Amino acid sequence: MSPKEPSRSNEKKRKKSSDKNVVEKKRTQHPVMWAFSVIILIIVVVAFVIAPAMGGQARGDRLVFGYYDGEAIEYKPDSYFSRQRDAYAEQVAQSQEQTPENAQWLALQVWKSAYDATVIHTAILQQARRSGLHISEKKLDRSIAQYGPYRENGQFSAELYRRASNAEKMATRELFRENLIHDQWIQDLFSIHSSPLEQDFFISLSTPERRFEYVSFSLDDYPKDELIDFAQERSDLFRRASFSRIALRGDRGEAESIYSQLQENPGRFEELAQNYSTDEFAERGGDMGWQYFFELAASLEDSETSEQLFSLSQNEISPLIETSYGWAIYRCDQAAEDMDFDQKKSLAVLRDYMINNQRGTVEDYFIQEAEEFRKTVTEDDFREVARQRNLDYSLTNYFPINYNNSFFLQSIENEEGDGNLSSAQSSDRVLRQLFSLEEGQSTEALVLGRSVIVAKLIDEREAPEQRLNQARNYYSYIRQSIRNQEMRTHFLNSDKLEDNFMPVFSRYFLN
């Protein structure tokens, strides 16, 4: 062995160790990015190494996700599809939304976005060919010189161009030609002039603006006396008992086997729950805590079963019970007791029950309250009556009809920047009432989310010039966005598209 060989061997070991340290450092400093990169790498390996070795697709071992008018939407290196996939992957990597748990889902989104973009690109090129759209050689040369791969220090390098092979030059030229055709077709589409009447209509959406004062009655303020009266009439619903449960998703034979073990030794309940139960209480040995009758009844097949469980004594174990998800065994840890209405927690339970299960009753109560208020203010001052009754009073800003809260229109807010009336933006019925009032008139009682409101029109005005100018500035953007979406919908829903994305992605990447 020559004297240099040990030195070379040591140098290789040091380099290998250094590379390993760099990899480990990247993994520990950026574990999420590391996980995401590994999954992307696995997908590429599966797609281009394992999949072709297994025989490929019916039309060869190419990775073809579909066809547009007979032309393959194919993933291959240095294709439009691959560049789009890389671009979307980079967006995801920079978004900081990826985690090891959602990396596979994000990978699906990356590939689907790249696929959709390639379908649209393919369709545009076909349309351009049929229409005779042409890019001159001079324009193509200028674009390659300005933006191509033959630039050095910000300038076109003749030396880099000479070094490139003819095959590389032809591929670059074809790539730039396709991109220029794509961009020119889009430019031609979006340069179609719109009618001045369309722009005028768009701007008119910003005006007139109205301003309201209103009072709100929160459903969460449903009176204690009303809650207790309701509960006392239905006291059986609000009994509570403490239970533990073993939930089993297997067949009856397996459930009976576990039940037999429990009969032989009831003290094994927690152990069997931890080992066999399939619900969220398994880790706690089946402990469900306190359960109200209405809660337990909602999860069982019939009220008779609920009554049977609530009749159990402390530490008594139920029979094997068939449920919608399989089988269950209950143990009563604390016998049933009536609700204590003096406890604050009990009132909170009752209020949630009423809003979730008897919402109409609660709404009717406050509608009546709101209508009584409305009658009172026909002759008196709205704000003063609200103050006298200790009601939640608010004053809105000026706003136009803004259905579904379009971002280019003024939103509905009160002077503090929030308010119950904001949910009116998703209610056609409420907006119609608000904008059909005469000045000084009030709406009827309106249910909005968890509130009932009464609103009074204070004033109407034409939108300030600043708002109208804002609408003018947004018009081009909105128009272009709508046309872009219409174009995407047209191509992606076309009968010419043979869409096999999900079957191909599932076959190669998910299995």
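The values are calculated or read from the model by the stated rules, or taken from the named source; none is laboratory data. The structure displayed is predicted, hence computed values, not measured ones. Please note: Cβ atoms are built from the backbone with ideal geometry, for glycine as well, and neighbour counts cover all protein chains shown. What goes into the accessible areas is simple: the full protein's heavy atoms, side chains included, and nothing from ligands, DNA or RNA. Shrake-Rupley method; radii C 1.70, N 1.55, O 1.52, S 1.80 Å.
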- Task: Output yes when any residue across segment 404-411 is among the aromatic types (F, W, Y), loosely packed, with under 11 Cβ neighbours inside 10 Å, out of contact with any Lys or Arg (no Cβ under 9 Å at 6 or more places or on another chain) and at pLDDT below 90, and no when none is.
- Result: yes
- State which residue is modelled with the highest pLDDT when the search covers only segment 75-121 and only residues that are within 13 Å of F65 (Cα to Cα) and outside any helix (DSSP H, G or I). Y75
- Task: Identify, from the list Q291, Q334, Q308, the residue that is under 22 Å from M354 (Cα atoms) and either part of a strand (DSSP E or B) or open to solvent by 70 Å² or more (accessible area, probe 1.4 Å) (or both).
- Result: Q291
- Exactly one of I401, I482, I478 is out of contact with any strand residue (DSSP E or B) (no Cβ under 6 Å at 6 or more places or on another chain) and open to solvent by less than 30 Å² (accessible area, probe 1.4 Å), and that one is I478
- Query: Out of curiosity, is A145 part of a helix (DSSP H, G or I), over 17 Å from G70 (Cα atoms), touching a strand residue (DSSP E or B) at 6+ places or on another chain (Cβ under 9 Å) and among the aliphatic types (A, V, I, L, M)?
  - Reply: yes
- Only one of these is over 20 Å from E74 (Cα atoms) and open to solvent by 20 Å² or more (accessible area, probe 1.4 Å): S157, S113, S136, S143. Name it. S136
